[in-house]
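Contents: one structure, followed by commentary.
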């Protein structure tokens, strides 16, 4: 009887493992065949360049493909550009710098981007990072150490108003299969709890995009062709929420 139970358990475990491996392959295959690219490789944007009433403001957006605007045809439809545009609406001179690239994780921010961010001495920073850590199953403790390292440098080596943005639940039901989606939802929540704790510890502003966008997360029109990165409409919604809660 025990032997039969063991065989059934092993069989179910094998099927479950095969399902998740297939779901994982399908998810990345959908992203691959869509061949989405960064819509604009330009790094620096200046709004109201002729304004002389004040020294202006430097806004840095730091992150991965979501910050790079992957999913849009034009970078002007990305959330960082839209936030910068809103900041410049009062005729203030705003210099917007984007430090991001597809696939970036917290470790990549530390080793490839953070030095340049500090050197730019920004006034405002938005940090959206962690989606790739979740999907690449980065250990939670390693994530905490990396994220804290980023915040430590931003808060000690710049005078910027730092805004950290929660990891979103993104991916349509066509790209994230049942079970597979739930697993990464749980993983994202766990990492968001770490971000919240560190935001409190370092006294930086935490912006919750996860709950605000949950109702849209399964809507097909919300996404670009890969079913994962938002289309312009999605980024526009993000920008409105971020700007509304910006420090």
(request) Hey, can you tell me all the residues within the range 95-110 that are in contact (Cβ under 8 Å) with a residue 40 or more places away in the chain and assigned to a loop (DSSP other than H, G, I, E, B)? (result) 101, 102, 104, 105
(request) Name every residue in the range 64-94 that is more than 16 Å from residue 163 (Cβ to Cβ) and assigned to a strand (DSSP E or B), in order of residue number. (result) 70, 72
(message) Need the failing condition index for residue 240 against (1) at pLDDT 85 or above; (2) part of a loop (DSSP other than H, G, I, E, B), just the number.
(response) (2)
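Restricting attention to the range 112-127, which residues are within 17 Å of residue 202 (Cβ to Cβ), part of a helix (DSSP H, G or I) and touching a strand residue (DSSP E or B) at 6+ places or on another chain (Cβ under 6 Å)?
Just the residues of the range 112-127 that are within 17 Å of residue 202 (Cβ to Cβ), to begin with: 114, 117-118, 122, 124-127.
From what's left, part of a helix (DSSP H, G or I): 114, 117-118.
117, the sole residue that qualifies.
Residue-by-condition table, conditions (1) out of contact with any strand residue (DSSP E or B) (no Cβ under 7 Å at 6 or more places or on another chain); (2) farther than 23 Å from residue 138 by Cα; (3) in contact (Cβ under 8 Å) with a residue 60 or more places away in the chain; (4) part of a loop (DSSP other than H, G, I, E, B):
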| site | (1), (2), (3), (4) |
| --- | --- |
| 172 | no, no, no, yes |
| 181 | yes, no, no, no |
| 189 | yes, no, no, no |
| 199 | no, no, no, no |
| 203 | yes, yes, no, yes |
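The rows are residues; the columns are (1) over 19 Å from residue 123 (Cα atoms); (2) out of contact with any strand residue (DSSP E or B) (no Cβ under 6 Å at 6 or more places or on another chain); (3) part of a strand (DSSP E or B); (4) at pLDDT 80 or above.
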| residue | (1), (2), (3), (4) |
| --- | --- |
| 19 | yes, yes, no, yes |
| 28 | yes, yes, no, no |
| 37 | yes, yes, no, yes |
| 41 | yes, yes, no, no |
| 45 | no, no, yes, yes |
| 52 | no, yes, no, no |
| 55 | no, yes, no, no |
| 58 | no, no, yes, yes |
| 62 | no, no, yes, yes |
(request) Starting from the range 72-94, take each residue that is at positive phi and buried (at least 24 other Cβ atoms within 10 Å of the Cβ) and list its partners that are in a helix (DSSP H, G or I) and at pLDDT below 90, counting only C-beta distances under 7 angstrom and pairs at least six apart or across chains. (result) none
(message) Can you go through 69, 103, 130 and tell me which one is at pLDDT 95 or above and within 15 Å of the chain's Cα centre (by Cα)?
(response) 130
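May I ask you to say which residue of 60, 131, 38 is in contact (Cβ under 8 Å) with a residue 40 or more places away in the chain and over 23 Å from residue 208 (Cα atoms)? Working first, answer last.
Details: 60 fails: over 23 Å from residue 208 (Cα atoms); 131 fails: over 23 Å from residue 208 (Cα atoms).
That would be 38, the only listed residue that is in contact (Cβ under 8 Å) with a residue 40 or more places away in the chain and over 23 Å from residue 208 (Cα atoms).
The values are calculated or read from the model by the stated rules, or taken from the named source; none is laboratory data. These figures come from a predicted structure and were not determined experimentally. Please note: Cβ atoms are built from the backbone with ideal geometry, for glycine as well, and neighbour counts cover all protein chains shown.
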